[in-house]
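What follows draws every value from the coordinates through simple rules; no lab data is involved. Just so it is clear, the model here is predicted, and its values are computed rather than measured. Glycine gets a Cβ as well: all are built from the backbone with ideal geometry, and neighbour counts include every protein chain shown.
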Amino acid sequence: MKRIEDYIGTAIYTTVLLFAGLFLVMPMIVAVVLSFDARSFLGAFPPTEFSLRWYREFLSDDYLHRGLYTSLIVSTIATLVSTVLGTFAAIAIDRGRFKGRATLEAMFLSPLIIPTVVTGFAVLIFTASLGIMDGLTRLILGHILITFPYILRTVLAVLSGVPKRYTEAALSLGAKPWLATIEVTLPLARSGIIAGAIFAFVMSFDEVAVSLFLSDPFTYTLPVALLTQMRASLNLTIAAISVIFLVVSVLLILALDKLAGVETLTGRGVYGR
Amino acid sequence: MPLDRFHKILVLPAVLVFAPLVIGPLILLFQESLRPYEGGSIGGTLNAYLTLSNYTEFWHPTYAKYFLDTFRVSLIVTLLALVLGYLLAHYVVRVAKPRIAKLVLAGLLGVLFISLIVRIYAITLTFGPIGPLRDISWLVGIDPRTRRHTELMVVFGLLHTVLPLVTLTMIGTIQMVNPRLEEAAMSLGAPGWRAFFSVTLPLSIPGIVSAGIIGYAFSISNLVVPLLMGRGFVTFISNLIYFRFSEVANFPSGAALSVIMLLIALGIFFAGTRIVSAIWPPAERSGR
């Protein structure tokens, strides 16, 4: 039996949900529509004529291409390094019984708590004092810090749901520790490794604050290039890039879901505890 | 080879790469913050006496505004995100059909997957002074041509990340609350909204507080939203740090501010987690 208060409650609930959803989705819709705007200036919405001029503009913009190129290199290398090291670290922390595991875990996860501006500034001072002036090396070092915690968290989360006795069974049957790890533990952690790697790559690719400190005039990431352009003027090339980001984002989510399941990231994964 | 030694060897490469990369920069940052600075140079003066003047510089009323703005705007963002996010999370866990729930979940992740810079741009196009939804600010009584509108834009910019962030965190929280309890309350005659407010909501408070800490920590340390949307009217502590680096090259002052910022972030995080686990011990949570 439904009462009048139930109807009022449901109405408020639905309104708030709609507001939240629209707030998250609307900007993307506006950006998609405006990216096809034929006008050369930023005019009233909706546009009166449509064209692909802003996409052509992006395709001919060397400044942005360079950023994209650097971003891909930096994020790929940082993610690879973090995935390999992070997976082994997570296995050791989860399956191991040695002392100091909690301290290690806290250290590995610390970049999640340290504000990214502080990380960027500190790594800049660190690399300068070591004499590392190469932009690419600096960026990769900074991005290893950003990506590592995500891999560790997702792999730890997945492993915590896998009984230790599987690994122990292999060991008691005479497998060497490294064989048990490669043949048993690693495959069990597979979904966590994949989800963590995709997530870490995205976080690195989108990172601005750290990259802003570690970029130089010739080596800069795509978000840094976009930021510089946006501070200069609001032209619609960025709207075209938004659409590309949107498409890539959808593809990545689909891949993530297919390979590991989106649920891997919630609950005990990256989000939630 | 004994198992313990094997695991130590397994974690060793990560420690060798990671430990210097975390600890080294922080130590040097602290050291830099104690160096005197001479105008015009890049970075602090080497081999000089150490000083605390870089810290005392911020003990001045002009800086209070930046600290207060950072904390106040972030608080507004976090509270808004918690209210909206809790309902979204509740919808995903309790109301939506599995397919819709998964779609919302993927959507929330998708929003976070899109570069923050790109989203700031899209929000400016949508709600900004020439955007089609500009007049939505009248709903909260803000004239889109005023300074306060700039603040609203910063709130929107931060909310667009904090909302999905806290929602995804709280989905885990609500999943832990036993749905039977709410059903029991309703079968005893409580209307839906009362069951929600007197059963589900109180049981998820620890998770809400944790989500709030995550959202707040993200907000206060954000750089790009106030940089691009604040237009000089809303300036966060992180912006000051960035200006010390990009505009004046006063590294010692920037380093001192970074240390302050770091202590604030760590303080909020550890105090917050302590409070949660002191008031709601993990074992007693979830009402199962």
Can you run phi through the Karplus equation (6.51, -1.76, 1.60; θ = phi - 60°) for the stretch B:3-8 and list ³J(HN,Hα) in whole Hz, with x for Gly and Pro?
-> 4, 4, 5, 4, 5, 5
Just B:Ser115, B:Ser219, B:Ser253 to compare: in a GNM of chain B, with alpha carbon springs under 10 Å, which one fluctuates most?
-> B:Ser115
In terms of modelled amide H atoms, which long-range or inter-chain residues lie less than 5 Å from the amide H of A:Asp37?
-> A:Ser51
Alpha-carbon centroids, the stretch B:132-186 and the stretch A:69-104: separation in whole Å = 33
At 0.36 nm per residue, minus the direct Cα-Cα distance, what do B:Arg99 and B:Thr45 gain on full extension? Give it in nm, one decimal, please.
-> 13.3 nm
Restricting to Cα pairs under 8 Å and 6 or more apart, the percent relative contact order of the stretch B:60-287 works out to 26
Options B:Asn239, B:Ala64, B:Leu163, ranked by Cα towards positive dipole end of the stretch B:60-287, top entry (Cβ charges) | B:Leu163
Prolate/oblate/rounded call for the protein assembly as shown, Cα gyration tensor, a/c under 1.5 rounded = rounded
Would you kindly state the longest site-free stretch of chain B, with sites defined as chymotrypsin sites (Phe, Trp or Tyr not before Pro) in a DSSP loop (not H, G, I, E, B) surrounded by at most 12 other Cβ atoms within 10 Å?
-> B:60-288
Might you report the magnitude of the Cβ-based charge dipole of chain A about its Cα centre, with Lys and Arg at +1 and Asp and Glu at -1, to the nearest 20 debye?
-> 880
Considering chain A as a Gaussian network with a 10 Å cut-off on Cα pairs, which listed residue, A:Thr137, A:Thr185, A:Thr14, attains the greatest mean-square fluctuation?
-> A:Thr14
Check each of the trypsin sites (Lys or Arg not before Pro) in the stretch B:134-189 and keep only those in coil by DSSP with at most 14 other C-beta atoms within 10 angstrom; list them in order.
-> B:Arg145
With +1 on the Cβ of every Lys and Arg and -1 on the Cβ of every Asp and Glu, the dipole magnitude of chain B about its Cα centre, in debye rounded to the nearest 20, is 720
Candidates A:Leu22, A:Leu171, A:Leu212: whichever shows maximal mean-square fluctuation once chain A is modelled as a Gaussian network with Cα springs under 10 Å | A:Leu22
Mean separation of Cα pairs under 8 Å and 6+ residues apart, divided by the residue count of chain A: what relative contact order is that in percent?
-> 29
Assigned charges on the beta-carbon of Lys, Arg, Asp, Glu; the stretch B:108-208 dipole about Cα centre (debye) | 200
Table column - 3J(HN,Hα) (Hz), the stretch B:83-100, Karplus curve with 6.51, -1.76, 1.60, x for Gly and Pro = 5, 5, x, 5, 5, 4, 5, 4, 4, 4, 7, 9, 9, 5, 5, x, 5, 5
Between A:Ile8 and B:Arg180, what is the FRET efficiency for a Förster distance of 25 Å, r being their Cβ-Cβ separation, to the nearest 0.05?
-> 0.50
